[in-house]
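The values are calculated or read from the model by the stated rules, or taken from the named source; none is laboratory data. Just so it is clear, the model here is predicted, and its values are computed rather than measured. Counting neighbours? That spans all protein chains shown, and the Cβs are built from the backbone with ideal geometry, glycine included. Note: areas computed on protein heavy atoms with side chains; ligands, DNA, RNA excluded. Shrake-Rupley method; radii C 1.70, N 1.55, O 1.52, S 1.80 Å.
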Amino acid sequence: RTSTPCARLRERHASASGALSTPPPPFASRAHSHVTMASVTAVAGAPVAAPASLRRRHRGAAALRLAPRPVASQRRGMSVRAMGSSFGRMFRVTTFGESHGGGVGCVVDGVPPKLELTREELQFELDRRRPGQSRITTPRNEEDSCEILSGVGLDGITLGTPIAVLVRNKDHRSQDYGEIAVAYRPSHADATYDMKYGVRAIAGGGRSSARETIGRVAAGAIAKKILKQIAGTEILAYVSQVKDVVATGVNHETFTMDDVEANIARCPDAESADRMIEAIDKVRVKGDSCGGVVTCVVRGCPRGLGAPVFDKLEADLAKAMLSLPATKGFEIGSGFEGVNTTGKEHNDEFYMDPKTGIRTRTNRSGGIQGGISNGEIIELKIAFKPTSTITQPQNTVNRDGVDVELKAKGRHDPCVVPRAVPMVESMVALVLVDHLMMQYAQCNLLGQEDYSNLVMGNMKTLYDPAFIGGDGKSGGEMSTKDMSAAFSED
């Protein structure tokens, strides 16, 4: 009986339904360790079908029921894509690198061509984010000097192709991470990275380190420039709370970046800043840490941004903010305080301004209604937890599942919020420029009087009699003479 075709088919099925060869992670329960191909197929709900070669040889219904169907990942042309390092749709940013690797950076795809862009503009924002700024930040001393590798031409004009930015790591001390090689830092991503990947970059925390945000800040500098050039949009964030110290006296309509950068706490109110610094110093000298809140305002945001229902503007802002390291809360407008009011008290009444048109008398909506920007100041708050890596001893568990005590080493921020300010601004800028490009592509395509650039192309000297001959002024491109001189100089 074992030599019959049906018996051999049953043997094949039993072999295919055996335990998967990949061993379970060290922290997996025994209940998960006996996963079979049959159970995977059953969970997926896929109908069972025999391979074509077997169907030709065995026409019986029993054979069709017995033969396993390959799971999706085994089918030709099918794959599972993990896109956790990319953000945006039309203005798409991918960050790369680990804290103690060769370097970190980003690739920005979708940058409009003909934008004037210099390395110094990116470096300005990176200098605001870099470590070693003061005693209340990590003492790791990195220059964070950026290199633009692609996407910008000889004349400093973007080409419309991906812009790659690299910052090389220099001042890393991997030897400080010996203790956490096997012991998980409480409330850190060490354990969850092992749970997900089964492996992690131990030194510096790898991708879970705030050093990953270098790519975001570099890309955000580009987004800020586009928004400023097109709409005059200004994005400013500041530290509004450290521990139990709350900033007072900050006018969201008038405060400036100079006000924010006037002290190491990055709080526009000097008196509040002094109390914040004192609060950070108290935990710093004890080897402990504290959290805080960053408030961000957007002045001059274009109206109409946001794509209901799943891509509402505040929904994308929330995702962007909560993707930053150490974030635990997000509010926009009245936030959670709005539940204490009635509809009459909370509603923002409209009125007509003789200069700017429709406005609201109050701004409890935070500049966004129905998921769409209304032109008012966008106001949002982001809560950051205390830094999880501290030098005080803590109870934890190691990779072998043994209870141990950990006293971490390394150089870490006693409070992340002063350096989080440019990170928040950058992520807000990335969301807004992405929605601005989507808005223009969808809602401004029709109704234009001149579609020649769209139909004929962006080089008018190749089709428009008024520009043939190359005057070098038809849309910002270099003249033939200037381009030749630039190449010769290069």
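If you average the C-alpha positions of the range 177-233 and of the range 296-311 separately, how far apart do those two centres end up, in angstrom? Using only Cα atoms, the two centres lie 26 Å from each other. The stretch between THR362 and ALA466, if pulled fully straight at 0.36 nm per residue, gains 32.4 nm over its current Cα-Cα span. Using a 1.4 Å probe on the protein chains only, how many percent of the accessible area of the range 373-425 belongs to carbon and sulfur? Carbon-and-sulfur percentage of accessible area, whole number: 46.
The mean accessible area for residues of the range 240-332, using a 1.4 Å probe and ignoring ligands and nucleic acids, is 46 Å² per residue. At full extension, LYS282 and ILE377 could sit 30.7 nm farther apart than now, given 0.36 nm per residue minus the alpha carbon distance. Taking 22 Å as the straight-line reach from the Cα of LYS224, the lysines in range (excluding those fewer than 8 positions away in the same chain) are LYS114, LYS312, LYS319, LYS381. In this structure the range 355-488 gives 54 Å² per residue of accessible area when probed at 1.4 Å with all protein chains present. The 3J(HN,Hα) values that the Karplus relation (6.51, -1.76, 1.60; θ = phi - 60°) gives for the range 305-313 are, in residue order, 7, x, 10, x, 9, 7, 10, 4, 4 Hz. Gly and Pro appear as x. Here the gap between GLU143 and GLU121, fully extended at 0.36 nm per residue and compared with their Cα-Cα distance, gives a gain of 6.4 nm. Treating r as the C-beta distance of VAL182 and LYS328 and R0 as 25 Å, the FRET efficiency rounds to 0.40. Between the beta carbons of THR248 and ALA441, assuming R0 = 45 Å, the FRET efficiency works out to 0.60 to the nearest 0.05. Near GLU345, once Lys and Arg are set to +1 and Asp and Glu to -1 for all other residues with Cβ below 13 Å from its Cβ, the sum equals 0.
Simple rule: put +1 on each Lys or Arg Cβ and -1 on each Asp or Glu Cβ in the range 337-490, find the dipole, and look at ALA485, LEU454, ASN363; the Cα lying farthest toward the positive end is ASN363.
The charge dipole of the range 359-490, taken about its Cα centre with unit charges on the Cβ atoms of Lys, Arg (+1), Asp and Glu (-1) only, comes to about 780 debye.
Among the protein heavy atoms of the range 130-289, carbon and sulfur supply 50% of the accessible surface, probe 1.4 Å, non-protein parts ignored.
Ranking VAL285, VAL298, VAL245 by how far each Cα lies toward the positive end of the dipole of the range 224-305 (charges on Cβ) leaves VAL298 at the top.
Note on the range 191-232: dipole from Cβ charges, positive end direction compared against ILE230, ALA218, TYR197; the farthest Cα belongs to ILE230.
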